[in-house]
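Everything on this sheet refers to the single structure shown next.
Read the figures in this text as sums done on the coordinates, not as results from a lab. It should be emphasised that the depicted structure is a prediction, and the values quoted were computed from it without experimental measurement. No Cβ is skipped: glycine too gets one built from the backbone with ideal geometry, and neighbour counts run over all protein chains shown.
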């Protein structure tokens, strides 16, 4: 016998029934709630956060390009460092320095940033359930009965929702529960080093990140060093398909880093491709859970927040019309506004990963050209490759220089 939504609410209190349950109170989940409530303040939203506080534990470097200003306003207390350039190191450790006078990126305290976004969603009317894990869901008469775990009381409970949004990262439980297609990911591992040596202090003062490439350093990605001036620490991290800890230990030995200066460690997964499906019945995936991450840098916050805005509009229409077919507009708009650029970034990463150390040495040597460096300073974008390509097409005087670098990467 089919049970109607109205009848089901007889058994489940209205306090535990929602239009939408969002799993994950990171920037993507909180932005989705905020944007949807700004469109319709009457939407009943519940956000499930498995940890005691949004933003903890820290699982991200918090390095955001200046484009973060397009999706959020940073508060001064959230900014740990302001980045003005990058030093690229070839497999031979030859440097290519890109230094600007303007701020290109921010190192952000993710604990403060994530918590503030979560509180904003809550202030608009979203119900926040912390220490609460999503365990699974069963659909009955177009309504999801969602099983959750109150981790503080160690009790399972049930809440009801018409729709579910998985904003729960690369290891998405929502995606697993509803058998969404799998996606490739990289293992990331990072250490935080107290800046006690003269070398480390100078690195922080320089306001540049450092990126190391090479098959022996980080064969599937790159290794990064990020100055965290506000904390007087340096984050050193890398990502790979396997053995990230082994690769990090090797770098620590090569750079003669004093292990007693390592104050913290963290690890996680970075999506390495778009998930082939992001909507299934009344369930949507957004952010890292959908693979909406830049394959070139591994960053997913800015694109994830942009996609949350797209999903919010689709969900608003869906809830208004009480028809899940409108969730298809999320897919359509994502395919128009985000997917093409993310696929281009994936192609760029695939190309870079296919180059040998010898080729990468030659490429970085070729790029160490005054005209190219000035072009990168003016047109470089951490979140998109298209603007730089378009600008390059308008400057034929640089074509031969870039062609030389590309040719060297092929021989």
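Arranged from fewest to most other beta-carbon atoms within 10 Å of their beta carbon, 256, 377 become 256, 377.
Where the convex hull is taken over the Cα atoms of the chain, what is its projected area averaged over directions, in nm²?
On the way: hull surface 85.0 nm².
Projected over every direction and averaged, the Cα hull of the chain covers 21.2 nm².
Largest GNM mean-square fluctuation across 238, 364, 63, computed for the chain with C-alpha springs under 10 Å, falls on 364. In terms of surrounding Cβ atoms within a 10 Å radius of their Cβ, 378, 235, 120, 49 rank from fewest to most as 378, 120, 235, 49.
Where the eigenvalues come from the Cα gyration tensor of the stretch 346-410, what are the semi-axes √(5λ) of the equivalent ellipsoid, largest first, in whole Å?
19, 15, 10
Stick to the Cα atoms of the stretch 55-203, pair each with every other, and give me the Kirkwood hydrodynamic radius in Å at one decimal.
One decimal place: 19.5 Å for the Kirkwood radius.
Packing around the peptides 67-74, 208-215, taken as the average count of other Cβ atoms within 10 Å per residue, puts them in this order, highest first: 208-215, 67-74. Ordering of 160-172, 286-298 by packing is 286-298, 160-172, highest average first (other Cβ atoms within 10 Å, averaged per residue). The Cα atoms of the stretch 118-217 give a gyration tensor whose axes a ≥ b ≥ c have a/c of 1.5 or more with a/b greater than b/c, which makes the shape prolate. GNM remark for the chain: springs join alpha carbons under 10 Å apart, and the peak mean-square fluctuation among 125, 299, 237 falls on 125. Computing FRET efficiency as 1/(1 + (r/R0)^6) for residue 74 and residue 261, where r is the C-beta to C-beta distance and R0 is 22 Å, gives about 0.15.
The distance linking the stretch 338-355 with the stretch 363-411 is 16 Å (Cα centroid to Cα centroid, whole angstrom).
For the Cα trace of the stretch 159-203, dividing Rg by the Kirkwood Rh returns an Rg/Rh value of 1.34. Out of all DSSP beta bridges with both ends in the chain, state the antiparallel percent to the nearest 5. Percent antiparallel among DSSP bridges in the chain is about 70. Compute the separation of the alpha-carbon centres of the stretch 258-324 and the stretch 71-111 and state it in Å as a whole number. Centre-to-centre distance over Cα atoms comes out at 22 Å. For the stretch 271-411, the share of alpha carbon pairs falling in successive 10 Å distance bins from zero is 11, 33, 27, 18, 9, 3 percent.
Taking 7 Å steps out from each Cα toward its Cβ at residue 171 and residue 336 produces label points 3.7 nm apart.
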